[in-house]
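Here is the structure we will look at, set down as C-alpha cells.
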Amino acid sequence: MRKKYTAVAAGAILGLLFSASCPASNLSDYLDLAKNLFVTYVSGEDSAAAGASSAAASGTDASAASAASAASAAGAAASASSAASAVSGDDSVPDDQWYFFEESDGSDSIQESSVTETVIPEAVPGTEAAADSAVMSDACAQAYLEVLEGYRERVLLYDWQNSWGRYDFEERTGVETELRPAVLADVCGDAAPELIFAAAKLFQYEYSWMAGAADLYVYTFDGTKAVRLLKTDVDYLAGGGFRYVLFQRAGSRNLWLYSSCGDENWTVTFTEYVLSGSGLVPNEVWQEKTWPDYDYGMMAEYQHNGAAADQWSYESAKSAIIQSMETLLLYNWADDEELSRKVLTLAPQGMTYRSAVEKLSAYAGKPQQEPVGILKEVPDEFIFSSGAGGWDCQLFLKDDGSFTGQYHDSDADVVYVCSFHGNFTDFRKIDENTYSMRLENLYYDRTAGEQWTDGGLRYISTDAYGIYGGDLFYLYLQGHPTESLPEGFLSWARMYMSGYNATGGDTPYVLNIYGLYNLAGQEGFGTSLQDILQKAWYASEESGYARESSAAGMQENLQPVQNPQTDPAQNLQPAPAQNVQTVPQLLPFSSERYLTGADIAGFSADQIQTAINEIYARHGYIFRTPEILDYFRQYDWYLPSVADASLVYSSCSAVERTNIEFLSTALG
C-alpha cells in the first residue's frame with residue numbers, strides 16, 4: 001500500500017500549496033482540485049501469463065515419426081489465464097487499477113443512490129440449471145421460446161456484437177467469433193428468470209432492406225403469456241459506434257445499462273431500469289458529455305437525472321456502480337478502462353441464439369429437433385456462380401432433403417445447360433451451426449454431352465457444376481463464426497454476404513447467410529442476404545406488417561421452383577454412382593486399447609502409417625494428401641472438419657496418443 005499512501009500524501013501537499021498561494025475567494029475551487037488529486041493510480045505490470053502452442057503434427061500423411069514428436073509438444077503445451085484479485089488488507093493491489101480516496105469519517109465517501117432497489121430473494125440451492133428449471137414452468141419456457149424463435153432472423157442478423165475474450169483493450173483490436181445476444185436473468189426479483197435478447201433493427205433503403213442498429217428486448221411471463229417489459233436502442237453502426245454493457249449490481253436485480261456513443265462529440269451514460277407498472281423504466285441516470293474545443297482540448301459536462309452535476313460526483317458514482325457490478329448479462333465492449341477491467345473479472349452469462357433455443361426447449365419439454373428438421377429454418381434457394389453472371393447453378397432444397405436445380409453457362413452461340421434433381425441423406429449435427437449430409441442420388445434430365453438446337457442457339461447438356469463429384473456436403477447456418485469457415489467456401493460465398501457487411505470489410509464476423517459446401521470440389525453455395533432481410537423486414541414491427549411473435553407466424557418458407565423436366569416418370573439418366581461404402585478398418589480397436597507388437601506383426605511401413613492416420617481420421621482430420629483423403633472418405637463415419645493436426649492430436653485420448661507414439665516408433 002506504500003504507493004497509494006505516497007500518492008495521497010503528495011496530493012495533500014499539492015493541495016496545501018495551492019491553497020496557501022491563492023486568494024481566499026478561490027480557496028474552495030483549489031480545495032476541490034486538491035480533492036480530485038486524491039484520485040491515485042497504482043501502476044504495475046499485468047500479472048497475466050499467456051502460453052501458446054502451435055505444433056504441426058506432421059505424423060499424418062507422409063512423416064509419422066516427426067508427427068509424434070510435434071504432436072506430443074502440442075499436447076503438452078498449456079496457457080495461463082489472468083486473474084483479478086481484490087484488496088484484502090495486505091500490501092497487494094490489483095495492477096493498473098484506479099482507486100478513489102475516502103475520508104475515514106465517511107464525509108467524502110461515495111454516496112449510493114437514494115432510490116430503493118429490489119432486494120434479491122434467498123438464493124435457490126443447487127446448480128444454476130437446477131435453479132432455473134425449478135422456477136421456470138413449462139408454459140413460461142414455451143412462451144419465451146415462441147418469442148425468441150419469432151425474432152430469429154433479426155437476432156441472427158445482429159452480427160457485429162464483439163467479444164471481451166478476444167478484445168485487446170490497449171490496441172483496440174479483436175473481433176467477435178461467437179455472438180451471445182441472449183440471456184435468462186431474474187429482473188423482477190421473484191427468482192423467476194426474464195428473457196433478454198438483442199435483435200437487429202431493420203429499415204428500408206431505396207429498394208432494399210438494411211440492418212445497422214439493434215434493439216434490446218426484455219420479456220417476462222405473467223402466468224399465461226410472455227409480456228414485454230422493455231424495448232430500447234442498444235447498438236448501432238454509425239459515427240464512432242456504440243459500446244454497451246448490460247449488468248446487475250450486488251444486492252439488486254435491477255438492470256443497469258452502460259452505453260458509450262458518438263464521433264467527435266461523445267456521450268457516456270449509466271442508466272438504471274426499475275420495474276414500474278407494466279414495464280422497466282429509467283430511474284437513475286448518470287451522464288458525461290465531451291466535445292473538442294477550439295484549442296484542440298476537450299470540454300465536458302455532467303448530469304444526474306437530467307440536472308447538472310460536478311465531475312467529482314459523477315466520477316464517484318461511476319466508480320461505485322462499476323465496483324458493485326456482480327452479474328454480467330450482455331455486452332460488446334467499453335471505452336472506460338475501469339469498467340472494462342471490472343468486466344473481465346466477471347463470468348459472462350450471455351448465450352448464442354441456438355444455445356438459448358436449446359435451453360428453453362429442454363425446460364419446455366420440447367423434443368430436440370432432428371438434424372433433417374433444421375432444413376425448415378433454411379431458405380430454399382442456394383446459388384453457386386461466377387459472380388459476373390457468366391454462369392450459375394441454382395439448387396432448391398426442400399425440407400425433406402430432396403432438391404431440384406438448374407445450371408447454365410454460355411459461350412457466344414453455345415449454351416451449356418443442366419437440369420437435375422436428387423436427395424441428401426445421413427444428416428448429422430457437427431455443432432450448433434454446422435450439419436453434414438451426404439449426396440445419395442443425383443439425376444439429370446439429359447445425358448451429359450447431348451446436343452440440340454433451339455432458336456438459333458446450340459445447347460449442350462453438361463454436369464451439375466458444384467454438385468457433381470461430391471458426396472460429403474456441409475450445411476452452414478446463419479450465425480456461424482466466419483473465422484472457422486474454410487476458405488474454399490468463403491472464396492465463393494463472400495459475394496452473397498455483400499448486400500450488408502457489418503464489419504465494413506470483406507467478411508462479416510459471423511455468417512449472415514446460409515451456406516452449402518461441397519467438400520470434394522471446395523465449391524460454396526450461398527443464399528440471398530436480401531431475401532433474408534426482406535423476410536425479416538416484413539415480420540418486424542417497423543414494417544407495419546408484423547404478426548404475432550410466434551415461430552409458426554414468422555417462418556414461412558418460399559416454395560421451390562419446380563422443374564418439369566425432373567419428373568421421375570421421365571426417362572432420366574442417373575449421374576455416376578457416388579454412394580459411400582463402409583470398408584473394414586486396419587486397426588478398429590486402436591482408439592479403445594493399447595496396441596502391442598502382436599497387433600502389427602507383419603505390417604508394412606505403409607500399413608503402419610495408415611494405422612496412424614486412422615486415429616486422426618476418427619477425429620475429423622482433413623488430410624492434405626488427396627489419395628489419403630479419398631481413402632478415408634470411403635468410411636461412412638469419416639467427417640473431415642479440422643485442418644490443424646495439432647488440434648486433432650490434442651483431442652485424442654491418452655490411449656490414442658500412446659498408440660500414435662507406439663506406431664511412430666515402429667516406423668523407425
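Quick rundown of the values:
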quantity: Any hit, the stretch 251-264, residues being assigned to a strand (DSSP E or B) and at positive phi; calculated: yes
quantity: The stretch 193-221: number of residues that are on the phi > 0 side of the Ramachandran plot and either buried (at least 16 other Cβ atoms within 10 Å of the Cβ) or in a strand (DSSP E or B) (or both); calculated: 0
quantity: Top-ranked residue in the stretch 398-422 [being in contact with a strand residue (DSSP E or B) (Cβ under 6 Å, 6 or more places away or on another chain) and not in a strand (DSSP E or B); ranked as surrounded by the most Cβ atoms within 10 Å (Cβ to Cβ)]; calculated: GLY401
quantity: Filter result (buried (at least 17 other Cβ atoms within 10 Å of the Cβ) and among the hydroxyl-bearing types (Ser, Thr, Tyr)) within the stretch 346-392; calculated: THR352, TYR353, SER361, TYR363, SER385
quantity: Check on SER650, more than 28 Å from LEU485 (Cβ to Cβ) and either surrounded by 20 or more Cβ atoms within 10 Å (Cβ to Cβ) or under 32 Å from the mean Cα position of the chain (by Cα) (or both); calculated: no
quantity: Residue that is nearest to the chain's Cα centre (by Cα) [pool: residues in the stretch 341-382 that are among the β-branched types (Val, Ile, Thr) and closer than 17 Å to VAL147 by Cα]; calculated: THR352
quantity: Residue satisfying condition, being modelled with pLDDT under 95 and surrounded by fewer than 15 Cβ atoms within 10 Å (Cβ to Cβ), within set ASP190, ASP235; calculated: ASP190
quantity: Verdict on ALA493 being under 23 Å from ASP400 (Cβ atoms) and not in a strand (DSSP E or B); calculated: no
quantity: Total residues in the stretch 620-646, condition farther than 24 Å from GLY469 by Cα and buried (at least 18 other Cβ atoms within 10 Å of the Cβ); calculated: 2
quantity: Count - residues of the stretch 443-461 that are crowded, with 16+ Cβ neighbours inside 10 Å and part of a strand (DSSP E or B); calculated: 5
quantity: Test: residue in the stretch 274-294 that is closer than 30 Å to ASP190 by Cα, in contact with an Asp or Glu (Cβ under 7 Å, 6 or more places away or on another chain) and in contact (Cβ under 8 Å) with a residue 24 or more places away in the chain; calculated: yes
quantity: Residue within the stretch 297-310 that is assigned to a strand (DSSP E or B) and of a type in the set (S, T, N, Q) present; calculated: yes
quantity: Any hit, the stretch 455-465, residues being assigned by TED's automatic domain parsing to the domain that holds GLU381, under 23 Å from ARG618 (Cβ atoms) and in contact (Cβ under 8 Å) with a residue 40 or more places away in the chain; calculated: no
quantity: Conditions (1) outside any strand (DSSP E or B); (2) over 22 Å from the mean Cα position of the chain (by Cα): number failed by ALA238; calculated: (2)
quantity: Pick from the stretch 324-356, criterion aliphatic (A, V, I, L, M) and in a loop (DSSP other than H, G, I, E, B), ranking: nearest to LEU397 (Cα to Cα); calculated: ALA347
quantity: Among (1) modelled with pLDDT of 95 or more; (2) buried (at least 20 other Cβ atoms within 10 Å of the Cβ); (3) among the polar types (S, T, N, Q) - the single one THR271 does not satisfy; calculated: (2)
quantity: Tally, over the stretch 468-487, of residues that are closer than 19 Å to TRP391 by Cα and out of contact with any Gly (no Cβ under 7 Å at 6 or more places or on another chain); calculated: 1
quantity: Restricting the stretch 244-256 to residues that are of a type outside the set (S, T, N, Q) and crowded, with 21+ Cβ neighbours inside 10 Å, the residue that is farthest from GLU326 (Cα to Cα); calculated: TYR244
quantity: Residue list for the stretch 357-383, filter: in a helix (DSSP H, G or I), more than 13 Å from LEU477 (Cβ to Cβ) and of a type in the set (A, V, I, L, M, F, W, C); calculated: LEU360, ALA362, VAL372
quantity: Failed item, numbered, when THR224 is tested on (1) buried (at least 19 other Cβ atoms within 10 Å of the Cβ); (2) farther than 29 Å from ALA347 by Cβ; (3) hydroxyl-bearing (Ser, Thr, Tyr); (4) in contact (Cβ under 8 Å) with a residue 40 or more places away in the chain; calculated: (1)
quantity: The stretch 423-442 - residue that is of a type in the set (S, T, N, Q) and part of a strand (DSSP E or B) and, of those, surrounded by the most Cβ atoms within 10 Å (Cβ to Cβ); calculated: SER436
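The values are calculated or read from the model by the stated rules, or taken from the named source; none is laboratory data. None of these values were measured; they are calculated from a predicted model. Counting neighbours? That spans all protein chains shown, and the Cβs are built from the backbone with ideal geometry, glycine included.
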